[in-house]
Structure formats: C-alpha cells, structure tokens
Amino acid sequence: MAGDDETAGGIKNVHKTIDPSSPYYIHTSDYPRQMQVNDLLNDTNYNDWCQEMTNFLFAKNKMGFVDGSMSKPDQTKDKYMAWLRCDAMIKGWLTTTMKKDIRGSVKYANTSFEIWSDLRERFGKESEPQAYELKQSLTMTRQDGSSVSTYYTKLRSLWDEIQTVLPPPRCNCGNCTCDIGKKVTEFKDKERLYEFLMGLDIEFTTIRTHLLSMKPTPTLGEAYRLTSEDEQQRGIATAKRSQTDSVAFQTGLHGRRDNGSRQKYKGGMKDAKCNSEADLCTHCGKTGHVKDACFERIGYPDWWPGKAKREKGKLKA
C-alpha cells in the first residue's frame, strides 16, 4: 500500500502543472528567439521599441521580471527553477529584437531586469532636442485638404510620441486625496482639443465655432465625431450639387447643339441660295443654272412638268 501511495504521489508530482495565469507559466509555443516588434532596437527608436515590448510582456504576464517586482527567489525556494526558466526566455526575447551592436553590449547581463534597466538608462532619458522637434511638428501639422480621419491620425501619433518623451507628472504621495492626476488629464485633453481644432481647414469654421461654444467643453473624442459627421454631410451635399450641375450642363450642351444645327442649316440654305443666284445661264438669260445645264438647250427631262406641251409647241412652230 505504501508503494502504491508513493507511485501515485510520484505520478501526481510529474503531472503537476503551473497555473496558466501565473507569471511562471510558459506556453509550449514560446521560444527564446521569438520576434515581438516590427523594428529592431537601434539608437533612435527606443520609445517605439519599448512600447511594443511592454505590450508583449504584459500580454505574456512577464512584465514583473523586467520591472523588478518579480525578484529572483532563493535557491531553496520551489519557484527558483521556474524563475530561471522564465527569465532566460525573456532575455532571449529582448536580445532577439536588438541590433547586433546593442545585443553585444548586454550579452553578459545576468537577468532580464539588468538588460531592461541598462537600455532605459542609455536610451530612455528625456531628449530635449527630440521633444522640441516633436512639438514643432505638432505646431505645423494642418489638415491641408486631407480627410478628418487622416489629420486626426497624424496628431494622435505625435501626441503619443510626445507623451513618451515628455511623460506627464504623476502623484507619488501614496493614498492622498489630491486631484493632481485628474487635473493633469483634463488639461492634456483640453490642450489636444485646441490643437485639433486649430489645424482644421477653413471649411470647418462653423463646426469649430460650435464646438468652442458648447458647455461643458466637449471631449476630444466628441469633437472628432462631430467634425467627421459634418464632413460627411458636406460631402453628400457636394455630390448632389455636382450631379445637378452635370445634368444642367448636359441639357445646355444639347440645346446649344440643336441651336447650332439649326443655324448651320439656315446658313447652308442661305449659301445655296446665294450660289444659285450667282449662276447665270448665257443661253436663256435665267439664273439658277449655267449654259451647259440649260434644259432649253439640252432638252427637258421626262419628269419635267409641261415637257409634252413644250415639245408640242416646238412641232407646230
């Protein structure tokens, strides 16, 4: 019986698995050299790279390993080997997404936390020239005939980059009752609303005035929605007006063609009349034909009215 219990216990231990919701869980499809970003880390794209890697690590429930909250357990702890496996996997994920020279500079790091901290120290510092360039680009961004959606997308991209380079202040005083975070968010949203409205084309002057006069002030999302609806309505009206103008143009064109045809016909008849008056027969002295076509000289055709009478008169004579 004791042997059976040991066997059962051994089988139980062998088949024991880690909870998928645990940070120590590694999926069977995971491997160290997975590519998780669109572009490899270089000297200029740390912010984009960091954002993509952060999203990936959060999705994998592994962010605690790189931010230091999942510290390395003692060797005597049950989770020690599981921690080593996860950390080794994360180091492979990080180094795979770097340029060769950067990868070489972190290959001797002991943990993924050391790699993450070193990269943040080297590339994650606030860059005043970069912040200035982004702010300048934001100031110069205008709709310039593009759609509202395209214009808004450009602004959103610049806002996200600026927030990465110049993160807003945060309250670190614990369980305080101050509203610093809320006020910062409200100020940021209102500032973005003004930047969005300032760059709109002149066609949106009416909707811009309406939005600025609304109480309470609309959010950026509401302003974008109302502006897009205004753009759609004006597009429909423009399409209808263009269709009406096209029909009117075609009608006028046909009228001009008919009038031109009538004028041309009248002109042709007039020209024919003038030409016929200009022809003078030297045989009979009449106009409308020449001597070579004079019936009195060459004879009247059978269909000519009064031909028999004329020929009978000649015979009597």
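The values are calculated or read from the model by the stated rules, or taken from the named source; none is laboratory data. Please read these numbers as outputs of a predicted model, since none were measured by experiment. Note that each Cβ is placed from the backbone with ideal geometry, even for glycine, and that neighbours are counted across all protein chains shown.
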All but one of (1) under 30 Å from residue 130 (Cβ atoms); (2) surrounded by 13 or more Cβ atoms within 10 Å (Cβ to Cβ); (3) modelled with pLDDT of 90 or more hold for residue 58; state the number of the condition that does not hold. (2)
Just the residues that are out of contact with any Lys or Arg (no Cβ under 6 Å at 6 or more places or on another chain) and modelled with pLDDT of 90 or more, please, taken from segment 93-107. 93, 94, 97, 98, 99, 100, 101, 102, 103, 104, 105, 106
Need the failing condition index for residue 88 against (1) farther than 29 Å from residue 166 by Cβ; (2) exposed (fewer than 12 other Cβ atoms within 10 Å of the Cβ), just the number. (2)
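For every residue, the table says whether it meets (1) touching a residue at least 40 places away in the same chain (Cβ under 8 Å); (2) acidic (Asp, Glu); (3) over 13 Å from residue 32 (Cα atoms).
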site: 79; (1), (2), (3): yes, no, yes
site: 83; (1), (2), (3): yes, no, yes
site: 86; (1), (2), (3): yes, no, no
site: 89; (1), (2), (3): yes, no, no
site: 94; (1), (2), (3): yes, no, no
site: 98; (1), (2), (3): yes, no, yes
site: 109; (1), (2), (3): no, no, yes
site: 116; (1), (2), (3): yes, no, yes
site: 119; (1), (2), (3): yes, no, yes
I'd like to verify a number: residues in segment 142-153 that are free of Cβ contacts under 8 Å to residues at least 40 places away in the same chain and closer than 22 Å to residue 185 by Cβ, how many? 1
Of the residues that sit in segment 19-50 and are of a type in the set (D, E, K, R) and either in contact with a Gly (Cβ under 9 Å, 6 or more places away or on another chain) or part of a helix (DSSP H, G or I) (or both), which one is nearest to residue 82 (Cα to Cα)? 33
Starting from residues that are at pLDDT 90 or above and of a type in the set (A, V, I, L, M), keep the ones in segment 130-179 and report whichever is farthest from residue 195 (Cα to Cα). 148
